[in-house]
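A short reminder: the numbers here are calculations on the coordinates, not readings from a lab. Everything numeric here is computed off the predicted structure, so don't read it as measured data. Cβ coordinates were reconstructed from backbone atoms using ideal geometry, including for glycine residues, and neighbour counts include every protein chain displayed.
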Amino acid sequence: MIKDFGAGVGLLLRGFSLVFSSPKRVLMGALPAVITAVLMITGWVVLFTNIDSVAGWLTGFADSWSDTWKSVVEVAVGISVIAAGLGLSVLLFTAITLMIGGPFYEYISEEVEDELGGVPDAEQIGWWRGFVVGLRSTLLLVGTSILFAIPLFVCGFIPVIGQTVVPVLAVCINGYLLGIELTGIPFTRRGRSFKQRRRILATRRGLVLGLAVPTYLLCLVPLAALIVIPAAMAGGTVLSHRLLNGDRATA
């Protein structure tokens with residue numbers, strides 16, 4: 001697991017090398033991310049502007065409590081909502097970017113795989129099919145993320161554990177889901193289903209986490225996703241190529 005995780009980090013670094021070796025790849029990868037960034041920033045402004053109302057609505061059960069305890073609960077819930085939104089926003093950012101920029105990322109994926117030896121009889125995804133496939137996988141992944149987020153949200157109120165173990169688990173879970181998204185294009189080009197993709201990636205979870213967790217953390221840095229997502233896509237393509245071609249090597 002540790003060796004695989006380190007090899008996954010190496011795949012992300014290789015992704016940066018592959019993308020930045022071509023100015024065209026940098027431009028093609030950044031354009032969809034810029035559009036998504038504008039949409040996500042707008043969403044965050046709306047959330048922050050209305051966080052008091054959202055926290056008040058979620059803490060309606062505390063209306064009969066004293067003002068002090070009610071305020072404490074509202075602040076705690078508000079922070080939790082922002083934290084949960086931040087975690088989901090990385091997945092949503094990637095998913096929306098992939099849906100908007102399907103042809104752009106397919107171009108990057110094709111070029112990377114051509115350098116690795118190509119894909120015989122590869123299917124052409126196209127923008128519309130890429131959008132539909134991306135939308136379906138996004139709904140499934142975000143739904144899964146929410147299912148995990150609910151118990152993690154509750155556990156976040158447990159002293160010590162809620163401030164140490166829970167954030168680490170949240171990063172690992174959301175990171176792994178992000179890894180599933182990053183490998184969508186190369187799997188779809190080979191006619192592999194979403195279910196098959198999950199099953200194959202599950203055989204090398206450490207490798208997926210090594211690629212996806214640093215990507216997830218870097219995407220928390222404002223605007224970093226503009227350059228991180230294209231590199232992670234290239235890294236995800238290399239990962240997919242190896243797994244789908246039966247390469248069990250970790251380096």
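Kindly rank 17-28, 95-106 from highest to lowest mean number of other beta carbons found within 10 Å of each residue.
Numbers: 17-28: 15.8, 95-106: 23.3.
The packing order, highest mean first, is 95-106, 17-28.
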Checklist entry - What order, most packed first, do the peptides 202-213, 226-237 have when packing is the mean number of other Cβ atoms within 10 Å of each residue? => result 226-237, 202-213
